[in-house]
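Asks: Sending over a structure as structure tokens; questions will come in a sec.
Taken together, the values in this text are just the output of simple stated rules run on the coordinates, not laboratory data. Please read all numbers here as calculations on a predicted model, not as lab measurements. Positions of Cβ are generated from backbone atoms using ideal geometry, with glycine treated the same way; all protein chains shown enter the neighbour counts.
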Amino acid sequence: MSLPQQATVVEVGPRDGFQNEHDLVPTEQKIEIIDALSETGLRRIEATAFVHPKAIPQLADAAEVMAKIKRRQGVEYEALIPNARGMERAIQAGVDAVCLVVSASESHNMNNVRMSVADSLEGFRKVAEMAHQHGVKVTGGISTAFGCAIEGWVAPEKVVDMAQAFVSMGVQEISLADTAGMGDPALVTDVIQKVRKKTGDMPLRLHLHNTRGAGLANVFAGLTQGVTVFDGSICGLGGCPFSPGATGNIATADLVNMLESMRIDTGVDLPKLIDCERHVRAILARDLPGQVMKAGATPWAVTP
């Protein structure tokens, strides 16, 4: 079986993980954690989201976080953007990249942003133009791409149509998100193949929640289809407040450990990453889903 020799891990914990924490994480601790993650070899970090403070109070400090982190050369600092106002704030904060997210499920999109899928996509055309004008990279994110906790089955053809809409906006990447954690390797493979038929060589990225324990299996399915960009969340933090029952993403150390064990180079210093996860666990003072931070790395995952 032919698998990629390299893969990029996108750390989304500072945004997707922290936004689901019940207790506010102090801004200083967010900055400390992002700075520590920047030293692990991760090349992309989703640091925050520029959303309305009333919608997600946990991320009301987005501008301050971006202003105070120590930006390491070679690391892209990304943010999730819901609308044009969020894009304006992100540009002012100097983000390197943004992710524009629309749900493939009408019900989930309505719960999330109070808009239809069509209206969300149309609104993002202006946002994408703003990003291009300021040299900001754009990812078109499709949530509930492998099933919805409200509607259930999501037709792959709907995901394909949305991917084509994002391509027409000039995005640099399309992210397929298993928001509800309903994906399985066969479905992930099928959706990727259908999207690829219509979007050609557009880079794909997978954002996989581990709600039903299939996260790493779905990563492997993506690898067999040539996908090389995968999201992970420190300690397995995360979820979705608008997707009932959704739990966190794949723990970043678990993802890196598997890839490195398979001799797929991530460029990440796994021991440093494990130290970061253990530090976050101590800050939050509770048990967290990540397994490698508890068991330690597979020996050959860290052997030169």
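Asks: Quick one: work out the % antiparallel among DSSP beta bridges in segment 158-304, nearest 5.
Replies: 10
Asks: While we're on this one: Going by how many other beta carbons lie within 10 Å of each one, how would you line up L255, L284, L37, L204, fewest first?
Replies: L284, L204, L37, L255
Asks: Of I264, A60, G141, which is farthest on the positive side of the dipole of segment 8-301, counting Cα position, with +1 on Lys and Arg Cβ, -1 on Asp and Glu Cβ, and the Cα centre as origin?
Replies: G141
Asks: Semi-axes of segment 166-258's equivalent ellipsoid from the Cα gyration tensor, sqrt of 5 times each eigenvalue, largest first, rounded to whole Å?
Replies: Working from the Cα gyration tensor, I get semi-axes of 22, 14, 13 Å.
Asks: Which one of V12, V160, G290 is farthest out on the positive end of the charge dipole of segment 8-301, using unit charges on Cβ (Lys, Arg +1; Asp, Glu -1) and the Cα centre as origin?
Replies: In segment 8-301, that residue is V160.
Asks: Given the -39500 (n - 2.57) contribution per DSSP H run of 4+ residues, what per-residue ellipticity at 222 nm results for the chain, rounded to the nearest 500 deg cm²/dmol?
Replies: -12000 deg cm²/dmol
Asks: Taking a spot 7 Å from the Cα of L24 along the direction of its beta carbon, which residues of segment 267-304 have an amide N less than 20 Å from it?
Replies: Those under the cut-off are 283-285.
Asks: Follow-up. Could you tell me which trypsin sites (Lys or Arg not before Pro) in segment 258-291 are loop residues by DSSP with no more than 12 other beta carbons within 10 angstrom of their beta carbon?
Replies: Answer by residue number: R263, R286.
Asks: Would you mind pulling out the separation of the Cα centroids of segment 144-186 and segment 264-304, in Å?
Replies: After rounding, the separation between the Cα centres reads 29 Å.
Asks: Shape of the chain from its Cα gyration tensor (a ≥ b ≥ c, root eigenvalues): rounded if a/c is under 1.5, otherwise prolate when a/b > b/c, or oblate?
Replies: In terms of gyration-tensor shape, rounded.
Asks: Rounded to two decimal places and with Rh computed the Kirkwood way over Cα pairs, what is Rg over Rh for segment 219-302?
Replies: Radius of gyration over Kirkwood radius for segment 219-302 works out to 0.99.
Asks: So, one more: Tell me which lysines have Cα within less than 29 Å of K68's Cα, excluding those fewer than 8 residues away on the same chain?
Replies: Leaving aside lysines fewer than 8 places away in the same chain, those within reach of K68 are K30, K54, K126, K137, K272.
Asks: Here is a further query. Quick one: compute a quarter of the convex hull surface over the Cα atoms of segment 2-84 and quote it in nm².
Replies: So the Cα hull casts an average projection of 6.8 nm².
Asks: Ranked by Cβ crowding within 10 angstrom, fewest neighbours first, how are F146, F50 ordered?
Replies: Ranking F146, F50 by Cβ neighbours within 10 Å, fewest first, gives F50, F146.
Asks: Charges only on Cβ, +1 for Lys and Arg, -1 for Asp and Glu: so what's the dipole of segment 8-301 about the Cα centre, in debye to the nearest 20?
Replies: 220
Asks: Still on this model: DSSP beta bridges in the chain, what fraction antiparallel, as a percent rounded to 5?
Replies: 5
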